[in-house]
1. Of Ile40, Thr142, Ile53, whose Cα points farthest to the positive end of the dipole of the range 1-145 (charges on the beta-carbon: +1 Lys, Arg; -1 Asp, Glu; origin at the Cα centre)?
2. Tally Lys/Arg at +1 and Asp/Glu at -1 over every other residue whose Cβ is under 10 Å from the Cβ of Phe349; what's the total?
3. If packing is taken as the average count of other Cβ atoms within 10 Å, what order do 212-219, 260-267 fall into, highest mean first?
4. Based on alpha-carbon positions alone, could you give the equivalent ellipsoid semi-axes of the range 119-163 from the gyration tensor, as √(5λ), descending, whole Å?
5. What FRET efficiency, computed as 1/(1 + (r/R0)^6) with R0 = 41 Å and r the Cβ-Cβ distance, is obtained for Tyr255 and Phe349, rounded to the nearest 0.05?
6. Binned at 5 Å from 0, what are the whole-percent values of the Cα-Cα distance distribution for the range 288-368, short to long?
7. Per 0.36 nm of contour for each residue apart, how much would the distance between Gln168 and Asn420 grow if the chain were fully extended, relative to their Cα-Cα spacing?
8. Short version: ³J(HN,Hα) in whole Hz for each residue of the range 144-151, in order, from phi by Karplus 6.51 cos²θ - 1.76 cosθ + 1.60 (θ = phi - 60°), x for Gly and Pro, what are they?
Amino acid sequence: MKKVLAIILGGGAGTRLYPLTKLRAKPAVPVAGKYRLIDIPVSNCINSEIFKIYVLTQFNSASLNRHIARTYNFSGFSEGFVEVLAAQQTPENPNWFQGTADAVRQYLWMLEEWDVDEYLILSGDHLYRMDYRQFIQRHRDTNADITLSVIPIDDRRASDFGLMKIDQAGRVIDFSEKPKGEALTKMQVDTTVLGLNKEQAQQQPYIASMGIYVFKREVLIKLLREKLERTDFGKEIIPDAAQDFNIQAYLFDDYWEDIGTIEAFYNANLALTQQPQPPFSFYDEEAPIYTRPRYLPPTKLLECHVTESIIGEGCILKNCRIQHSVLGVRSRIESGCTIEESLLMGADFYQPSVERQCSIEKNDIPVGIGTDTIIRRAIIDKNARIGHDVKIINKDNVQEADREGQGFYIRSGIVVVLKNAVIPDGTII
């Protein structure tokens with residue numbers, strides 16, 4: 001894999017994940033209590049022995065830069081690196097990235113400097129575990145110009161994705177973006193060609209792109225140089241190339257989730273607490289997910305009732321009830337609280353006990369969740385200060401609301417409390 005260079009696309013402004021992307025790039029959004037989204041593709045690369053990794057980003061990249069600099073540091077004995085390439089203005093191109101392909105095009109001069117055979121292009125906001133070695137081997141074995149990683153899907157979800165058709169050799173011959181009705185039926189394929197058994201192939205007769213591609217070096221350079229008006233891989237570059245180039249499909253038949261919306265992000269996090277077997281597990285010794293080592297103390301639980309939950313390190317929980325929730329690092333939960341079906345991202349720092357005491361005496365609200373508070377079906381972003389006797393329960397069952405001035409939004413019925421927000425004592429949401 002020394003001849004492979006990975007390029008992780010950091011995504012656009014992350015409007016579908018707003019307000020979690022208000023102060024950070026999409027790949028820097030915390031996940032599973034202690035990780036960030038960017039850790040997933042970077043860890044997959046490291047576990048696949050791909051050590052040359054660029055991350056392309058242009059929005060709110062400060063926290064992403066900081067996380068990558070503190071987490072991924074290969075020794076001086078290898079060529080390995082994980083580097084952020086932010087959008088920049090040059091005399092040739094004074095614009096921001098216009099799309100996924102345009103982002104890669106603007107840094108092509110740097111990518112060409114590496115002596116590699118393939119470019120592996122990944123997305124920064126998916127949750128999955130994949131050995132890219134098998135993917136790249138399939139690309140080499142079929143002598144493909146481009147190989148797309150695809151997932152088999154059923155009728156119910158098919159029209160949400162870009163679908164493709166393949167011939168008997170697995171070569172991609174047609175594309176359709178989110179087809180409906182008759183156009184959808186036409187996109188059915190025999191997925192046994194890619195390795196599914198007869199029964200699975202009948203249940204999942206469509207294949208959808210995962211947004212993961214491997215290009216031959218010279219093919220990527222040619223396509224980006226010749227078609228300057230084409231700015232997106234999935235919608236323009238790859239469908240256009242289907243006529244002239246050998247595009248192959250590689251079947252990935254395992255858990256994969258695009259967590260690009262608040263609802264998908266919330267569901268994917270809470271699914272990690274499922275028993276006996278969550279759909280995605282961070283407990284895999286063969287292929288670990290790496291993140292920044294924080295050297296935090298163990299979590300302290302004082303007379304708590306905790307069921308079906310994940311609790312990050314460095315938390316302090318007092319006499320509270322936690323059910324089907326994920327609590328991030330350094331979470332503080334005071335006595336009498338009930339947390340149900342919620343995702344708390346924790347805090348970036350500890351408040352000294354003297355400062356917390358002063359806060360309480362002055363009626364300032366300390367970082368964490370105050371006494372006798374109820375939180376249900378919510379996402380609480382980092383460093384939020386939630387007062388005493390607060391109820392975050394979406395009592396009117398509102399589906400969508402923007403209350404930035406009051407410190408929260410509602411998306412798909414899920415209350416999202418902003419980073420650094422202050423929710424006063426006695427508030428009912």
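Any read-out appearing in this document is the output of simple, stated calculations on the displayed coordinates, not a laboratory observation. Keep in mind it's a predicted model, so treat the numbers as computed, not measured. So basically every Cβ, Gly included, is an ideal-geometry build from the backbone, and we count neighbours across all protein chains shown.
1. The residue sitting most towards the positive pole is Ile40.
2. Details: positive: Arg330, Lys382; negative: Asp348.
Charge balance near Phe349 sits at +1.
3. 212-219, 260-267
4. 23, 14, 10
5. 0.75
6. Taking every Cα pair in the range 288-368, the percentages come to 4, 14, 23, 25, 17, 12, 4, 1, 0, 0.
7. Full extension of this stretch gives 85.2 nm more.
8. 7, 7, 9, 10, 10, 8, 10, 10
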